[in-house]
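The values are calculated or read from the model by the stated rules, or taken from the named source; none is laboratory data. No experiment lies behind these values; they were computed from the predicted model shown. For neighbour counting, all protein chains shown are included, and Cβ atoms are generated from backbone atoms with ideal geometry for every residue, glycine included.
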Amino acid sequence: MVQAIRGFKDILPGETERWLALESSARDLFAAYGYAEIRPPILESTEVFSRSIGETTDIVEKEMYTFQDRSNRSVTLRPEGTASVVRACVEHHQFQTLPLKLYYLGPMFRHERPQAGRLRQFHQIGVEAMGVEDAGMDIEVLALLRDLFERFGLRDLELQVSSLGCSICRPAYRERLLGFLRPQISALCPDCQGRLERNPLRTLDCKREACREATQDAPRILDSLCEACRSHFAEVREGLDTLRIPYVVNPRIVRGLDYYMRTAFELVTDCLGAQNAVAAGGRYDGLVKDLGGPDIPGIGFALGMERVLALLKDRQPPAQVSPFFVAALGKVARREALLLIQALRNVGKPVEWDPAGGSLKSQLRKADRLGARQVVILGEEEIKTGRATLRDMAAKTQQSIPLSDLLTTLTTKSASHE
Ligand code: HAM
């Protein structure tokens, strides 16, 4: 037997209903916030990601599915959505009317070590809002994030926010941090030692106990912000207070993607073990320009659908509408049945039948297995008298209905009887 690749999961019937429910409640809210959907391709030129996420990040260094295609071009299965969305907007000159507010959903690919809550193909729902530098945009995006999780019925998550500074204040902070970390390099884990000079901020984010201890008294980026970044962050916090969005400031937020600046945030839970971020995002004011577009700021977030669904796993799945079942016996009755089935499906009523035919008993058994509550029985007798039998499976009662009234009777049946 050939099996699915490790870290790649089949999403089977029974689960897909939950996925659809999540997607459609997100789509409804995005419409209310004025976000339009964008669907970039899953495969991109590798440089889309190496130029944006950053050459020294874990994602680009070790996690991308990169290969040469048949024309010897280096291509990559997208590890995230932001870079693709920005590439598409630059390529198709989407910046005429600002802010440009977009959302996307679909699979992303990262070659990480699979474990609970961490997959190699996972799915994100994400938003990107481009064109506004003002903190008002950050506040709207964070309000959208809060409302989205309210809709999902997930309220006890913690929103952590910070500011990562900008190209003016971050380099100086980086030097201060390096000055603090260099003397204790031997106390750091091998990963952090290896990348200390290239990416010292990642040490703050390291989950290893040794690095946590070594960085306990490290200088905080929030104490090194320039005036513009400081007042931007203060405005974001004020907006969150005004909208009564609870949050904590976590100055250790680093994010594993280099394009971020200023506002960075994560929505975390303690119910998913080590993989505690359910959603995350931030501001990326230089990214559009870096990918060849105009100098336009942006901010967004993405949530991991598998992680949201894991948090929702004990909830009732969306109610299934039980189908009608049409049981037909004999050639003429089958013809009549096909027409009825077609007419019901055309008006959106779910209906099942047994294409293989068989005895009435076996067809009723099948109807029962499919959860049908109403079964239309069409046999030779019914065709002769011009009346169908309608059987209520739960009450075990039957009524006779003229064939000419059948469609109207069935389509006006209330949902609770369906
Ligand atoms: P990210 O933090 O890399 O950000 O991913 C966002 C979310 O995707 C995570 O919080 C997590 O829920 C989910 N996720 C990430 N990796 C995995 C995995 N291996 N398995 C399961 N779920 C995973 C971004 O991707 C940014 N593009 C977000 C963004 C949008 N920033 C601005 N706009």
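Brief remarks follow.
- Residue in the range 339-352 that is more than 37 Å from the chain's Cα centre (by Cα) and closer than 19 Å to residue 389 by Cα present: yes
- Residue that is surrounded by the most Cβ atoms within 10 Å (Cβ to Cβ), among those in the range 256-304 that are free of Cβ contacts under 8 Å to residues at least 24 places away in the same chain and closer than 20 Å to residue 95 by Cβ: 289
- Test: residue 54 is at positive phi, assigned by TED's automatic domain parsing to the domain that holds residue 121 and surrounded by 13 or more Cβ atoms within 10 Å (Cβ to Cβ): yes
- The range 305-330, subset exposed (fewer than 13 other Cβ atoms within 10 Å of the Cβ) and closer than 25 Å to residue 411 by Cα, residue farthest from the ligand (Cβ to nearest atom): 321
- Wholly within the range 362-411, strands (runs of 3 or more DSSP E) carrying at least 3 residues that are surrounded by fewer than 19 Cβ atoms within 10 Å (Cβ to Cβ): 387-392, 397-402
- Restricting 317, 323 to those that are modelled with pLDDT under 95, under 30 Å from residue 369 (Cα atoms) and in contact with a strand residue (DSSP E or B) (Cβ under 9 Å, 6 or more places away or on another chain) reduces the list to 323.
- For residue 240, the criteria (1) surrounded by fewer than 19 Cβ atoms within 10 Å (Cβ to Cβ); (2) within 24 Å of residue 103 (Cα to Cα); (3) more than 16 Å from the ligand (Cβ to nearest atom) hold in every case but one, which is (1).
- Checked against (1) free of Cβ contacts under 8 Å to residues at least 24 places away in the same chain; (2) buried (at least 20 other Cβ atoms within 10 Å of the Cβ), residue 137 passes all but a single condition, namely (1).
- Filtered residues of the range 136-175 (kept if β-branched (Val, Ile, Thr) and either assigned to a helix (DSSP H, G or I) or at pLDDT below 95 (or both)): 139, 141
- Note on the range 255-304: enclosed strands (runs of 3 or more DSSP E) holding 2 or more residues that are near the ligand (Cβ under 6 Å from one of its atoms) are 277-283, 298-304.
- Flag if residue 223 is out of contact with any Pro (no Cβ under 8 Å at 6 or more places or on another chain), over 16 Å from residue 162 (Cα atoms), without any contact (Cβ under 8 Å) to a residue 12 or more places away in the chain and surrounded by fewer than 18 Cβ atoms within 10 Å (Cβ to Cβ): no
- Complete set of residues in the range 63-104 that are in a loop (DSSP other than H, G, I, E, B), within 19 Å of residue 49 (Cβ to Cβ) and touching a residue at least 40 places away in the same chain (Cβ under 8 Å): 64, 80, 81
- Tabulated pairs, the range 340-352, first farther than 17 Å from residue 371 by Cα, second of a type outside the set (A, V, I, L, M, F, W, C) and surrounded by fewer than 18 Cβ atoms within 10 Å (Cβ to Cβ), C-beta under 8 angstrom, 6+ apart or interchain: 344/411; 347/411
- Restricting attention to the range 29-46, the residues that are over 19 Å from residue 90 (Cβ atoms) and free of Cβ contacts under 8 Å to residues at least 60 places away in the same chain total 2.
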